[in-house]
Amino acid sequence: MSRIGKMPIEIPAGVKVEIKGQDISVTGKKGNLSRSVHPDIGIKIEDNQILVSGGENDKKINAFRGLTRSLINNMVIGVSEGFKKVLVIEGVGYRASASGKKLSLNVGYSNPVEFKLPEAVSGSVENNTTIILESIDKEALGMAAAQIRAIRKPEPYKGKGIRYEDEYVQRKAGKTGAAATAA
């Protein structure tokens, strides 16, 4: 039995949930999100809670039940509070700037890298080295952050590159003069 799938989802004040067959739509103060769920998964609203059911006898469908519950919970949190990811740029001369839906990243290449943000994601830059991404859609936000990080991943010797704010980059020792001359 999926432990996550069994838990009910509390509907906060100001959030409206509509279920039509296998489609669920969640509306809140930040916006509107909708999604279709697996045909073998049932969703219903009881006592200001969303309940996800199905898959009690089938291991694969039970896994979809937990996934569906997590996705719906992320929709409810997204339309009520929103999600935020912070990326940090480290390196001498590395910087970023934002103009509208475009980020311009100077991260050691001969030309600046232009990154167009997806429609659901908004971004801003603080101190030229901190990129703040915000969205109500957790999936789109994570994908945009991963694509920006992939432009220049943090390297293990000096730690230069783009990393998540809470990411730890394990440093390696470089070559030493004694080891290099002994070889």
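The values are calculated or read from the model by the stated rules, or taken from the named source; none is laboratory data. Quick caveat: nothing in here was measured; it's all calculated off a predicted structure. So basically every Cβ, Gly included, is an ideal-geometry build from the backbone, and we count neighbours across all protein chains shown.
Could you tell me whether any residue of region 94-112 is surrounded by fewer than 18 Cβ atoms within 10 Å (Cβ to Cβ) and among the β-branched types (Val, Ile, Thr)? The answer is no; no qualifying residue exists.
Only one of Gly14, Gly5 is more than 20 Å from the chain's Cα centre (by Cα), in contact (Cβ under 8 Å) with a residue 12 or more places away in the chain and within 28 Å of Ala146 (Cβ to Cβ). Can you tell me which?
Gly5
Of all the criteria given as (1) among the hydroxyl-bearing types (Ser, Thr, Tyr); (2) over 30 Å from Tyr157 (Cβ atoms); (3) surrounded by 17 or more Cβ atoms within 10 Å (Cβ to Cβ), the one not satisfied by Ser53 is (3).
Scan region 35-61 for residues that are touching a helix residue (DSSP H, G or I) at 6+ places or on another chain (Cβ under 9 Å), touching a residue at least 24 places away in the same chain (Cβ under 8 Å) and not hydrophobic (A, V, I, L, M, F, W, C) and the total you get is 5. Restricting region 132-150 to residues that are surrounded by 16 or more Cβ atoms within 10 Å (Cβ to Cβ) and of a type in the set (Val, Ile, Thr), the residue that is nearest to Ala120 (Cα to Cα) is Ile136. Of the residues making up region 149-165, those that are out of contact with any Gly (no Cβ under 7 Å at 6 or more places or on another chain) and in contact (Cβ under 8 Å) with a residue 24 or more places away in the chain number 8. Scanning region 102-112 for residues that are out of contact with any Gly (no Cβ under 8 Å at 6 or more places or on another chain) and either in the same structural domain as Arg35 (by TED's automatic domain parsing) or farther than 16 Å from Pro154 by Cβ (or both) gives Lys102, Ser104, Ser110, Asn111, Pro112. In the condition set (1) farther than 30 Å from Tyr157 by Cα; (2) at pLDDT below 90, Gly91 is compliant with all but (1). Would you check which residues across region 1-44 are modelled with pLDDT of 90 or more and of a type in the set (S, T, N, Q) and list them? Residues satisfying the conditions are Ser25, Thr27, Asn32, Ser34, Ser36. Applying the set (1) in a loop (DSSP other than H, G, I, E, B); (2) exposed (fewer than 15 other Cβ atoms within 10 Å of the Cβ) to Pro154 leaves exactly one unmet item: (2).
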